[in-house]
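Q: Below you'll find the structure I mean.
The values are calculated or read from the model by the stated rules, or taken from the named source; none is laboratory data. Everything quoted here is computed from the prediction, not taken from an experiment. Every residue, glycine among them, receives a Cβ derived from its backbone with ideal geometry; neighbour counts consider all protein chains shown.
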Amino acid sequence: MKWNSTKSLSSLSLLTLSGALLLSGCGQNNNGDSASNSGSSASASPSGSGSASASSDAGAQMDTTPITFSFFGADASPNWNNMQDDVGKAITAKTGVTINAEYDVASGGGQSKIALMAASGQYPDIIFAKGELGKLVDAGAIIDLTDLIDKYAPHIKAMMKDNMNRLKYSNDDQSIYAIPTNGGVNNQYFDATGGFEVQLRVLKELGYPQIKTVQDYENVLKEYVAKHPTTDGQPTIPLLLNGDGWKRMITITNPGFIATGAPDDGEYYVDPTTYKAELHYKRPEEKDYFKWLNHMYNEGLLDKDTFVEKDDQYQAKIASGRVLGLISQEWEYGNAENSLKSAGKNDETYGHFPVTLNDQYQDHELQSVGVDFSGISITTACKDPVRAIQFLDWLASDEGQVLVNWGVEGKQYNIVNGQRVIPADVQNAKVNDNSNFAKTTGVGLYTTFAPHYGDGVKDSTGNYYTTNFPDQIVASYSDAEKEALKGYNATTWKDLFPSEKDLPVKEWGALYNMQVPTDGDYAVIYQKTQEIVDKSIPKVILAKPEDFDKTYDQFISDLNKAGAEKMEATYTDLVKSRVKLFTGKDVQ
């Protein structure tokens, strides 16, 4: 039986993907752009600092003669500038490496391109395969990195020393086929960038009302649109969701479990005691959530074009400033919001709230999955895998991580009294013209290429590895955003959310990275259930109120008829196996 990662488009994480655009790439010997945070060359100390314990000898001995690696990234990277940015030029000067990158701009998950690679046997040198890694493993295209890490990657080895079990492919195949890069080791959340969003002008005019439940949220949107039915001569839109393709998960279906107190496990809900998995739509409380969306549509509060317009139309509506509410993540609508910022319309940007169906639920968006992210792989096409792993390891060093996160000293930051400081003009450019800033500087475009520490981890100089720490986050807020937060007696949006410190690290990690069968019954059933979800969710939300129950019940019946229960039993076994691999527990 073949295995593959759970399809990324069916299980995109709200948090894993939060934080700007994710980047990755491909390479070919002699021939990412990610919003994740950077890492260090050493393990974190109990105080949260990284100590430079990894040897620098490997970096000193690294060959720096010019070489080009081809690279494919399963996420889009619209700001990629062929390494002709400040950071890219510095990377090439230090390592001799140039990345010839191709990114998936069509599906956002690399499905078609990677399937073609697996069928043709034509691979890039380096790949960020996301949820499609299993297809390449099945095809024999990915190198086991275990020995390469041990011999040539001291920085990666030191950083991952406490999490090596989480890098292994499975209990049966304990090879390391990918090094986690799409997330930070020992990450702390200093801000919240998802949840239910409301425009700052709405909050101000209504006196910063309580927004904790969907009823609170509805009341706010209804009250404001009644006062302001138009915005700049166009109809004001109370609530806008994105039903175009895979993004329906981010704004429509995933919020069903977030608003009802469940963590993000893709298309499944896992019982934390029994590890039993089921499609999350089957939970009675989620039926109530979708009934609320149905109510919002029939009340005229949910945009009528939700399931017919394309992503660019959705983004254009947000950029117009007439959308009062979203249910999404900043990375999903960030370009449209940046347009508002560039136009000086900061009061039409958004605040974030942990809205739940009612007060009996707790938002789990900030729950940690531990070290379990999509990662970077080296393929069998790479003619110099030693050079490739040394390149990745250099990016994981202190020098590499400061460069990819902060930029070039003297350009994007300065050292003042031993502290890295971003000048005001650079910070303004970063906040108000982020796309152009990323494209010209390269800051944030290369973290997909190497593992890294998350927010809150300090290097040996006492500086944070990433630029996402409280003082810097507050400095990035507009005056309108600071005013709104003050209205809620908060410093950052995270202050309004349950703390990750109160939520246990998930024993099974991020299930959208878990390997599942790629052939046989599971794959067939999974595809059928996804088709049913795509077809049925619009029907459920757009149904007449009196038809909602029978429409939703038919949706669940169709899932079961397609074999969902058999698929769920297989998935339950896989979850239990994963818990055993990650924790060593003997799970029955």
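Q: Collect the residues in region 295-315 that are over 25 Å from the mean Cα position of the chain (by Cα) and not in a loop (DSSP other than H, G, I, E, B), keeping them in residue-number order.
A: H295, M296, Y297, N298, L302
Q: Just the residues that are in a helix (DSSP H, G or I), hydrophobic (A, V, I, L, M, F, W, C) and either over 11 Å from I389 (Cα atoms) or not assigned by TED's automatic domain parsing to the domain that holds G454 (or both), please, taken from region 135-163.
A: Initially, region 135-163 is screened for residues in a helix (DSSP H, G or I), giving 135-138, 146-152, 154-159.
Pick out the ones that are also hydrophobic (A, V, I, L, M, F, W, C) and you get 136-137, 148-149, 156, 158-159.
The answer is L136, V137, A158, M159.
Q: (1) at pLDDT 95 or above; (2) within 21 Å of the chain's Cα centre (by Cα): which one isn't true of F437, the others all being true?
A: For F437, the exception is condition (1).
Q: Here are V402, V431, V426: which of them is in a helix (DSSP H, G or I) and surrounded by 21 or more Cβ atoms within 10 Å (Cβ to Cβ)? Give the derivation first.
A: Numbers: V431 fails: surrounded by 21 or more Cβ atoms within 10 Å (Cβ to Cβ); V426 fails: surrounded by 21 or more Cβ atoms within 10 Å (Cβ to Cβ).
Selected residue: V402, the only one of V402, V431, V426 that is in a helix (DSSP H, G or I) and surrounded by 21 or more Cβ atoms within 10 Å (Cβ to Cβ).
Q: Any idea which of (1) under 18 Å from the mean Cα position of the chain (by Cα); (2) in a loop (DSSP other than H, G, I, E, B); (3) under 30 Å from Q122 (Cβ atoms) is the one S368 doesn't satisfy?
A: Among (1) under 18 Å from the mean Cα position of the chain (by Cα); (2) in a loop (DSSP other than H, G, I, E, B); (3) under 30 Å from Q122 (Cβ atoms), the lone unmet condition for S368 is (3).
Q: Additional query: Answer with yes or no whether D63 is modelled with pLDDT of 95 or more and outside the structural domain of V516 (by TED's automatic domain parsing). Spell out how you get there, then give the answer.
A: Values: modelled with pLDDT of 95 or more: no; outside the structural domain of V516 (by TED's automatic domain parsing): yes.
For D63, the condition - modelled with pLDDT of 95 or more and outside the structural domain of V516 (by TED's automatic domain parsing) - is not met.
Q: Restricting attention to helices (runs of 4 or more DSSP H) lying wholly within region 447-561, give those where 2 or more residues are closer than 30 Å to H155 by Cα. It would help to see each step written out before you state the result.
A: Values: elements: 470-476, 479-487, 520-542, 548-561.
Qualifying helices (runs of 4 or more DSSP H): 470-476.
Q: Same structure again: Would region 405-413 turn up any residue that is assigned by TED's automatic domain parsing to the domain that holds S435, of a type in the set (V, I, T) and part of a helix (DSSP H, G or I)? Let's see the steps before the verdict.
A: Looking only at region 405-413, we keep the residues that are assigned by TED's automatic domain parsing to the domain that holds S435, and these are 405-413.
Okay, now just the ones that are also of a type in the set (V, I, T), so 408.
Restricting the remaining residues to those that are part of a helix (DSSP H, G or I) gives none.
For region 405-413, residues assigned by TED's automatic domain parsing to the domain that holds S435, of a type in the set (V, I, T) and part of a helix (DSSP H, G or I): absent.
Q: Which residue is surrounded by the most Cβ atoms within 10 Å (Cβ to Cβ), if the candidates are limited to region 316-342 and must be aliphatic (A, V, I, L, M) and assigned to a helix (DSSP H, G or I)?
A: The residue in question is I318.
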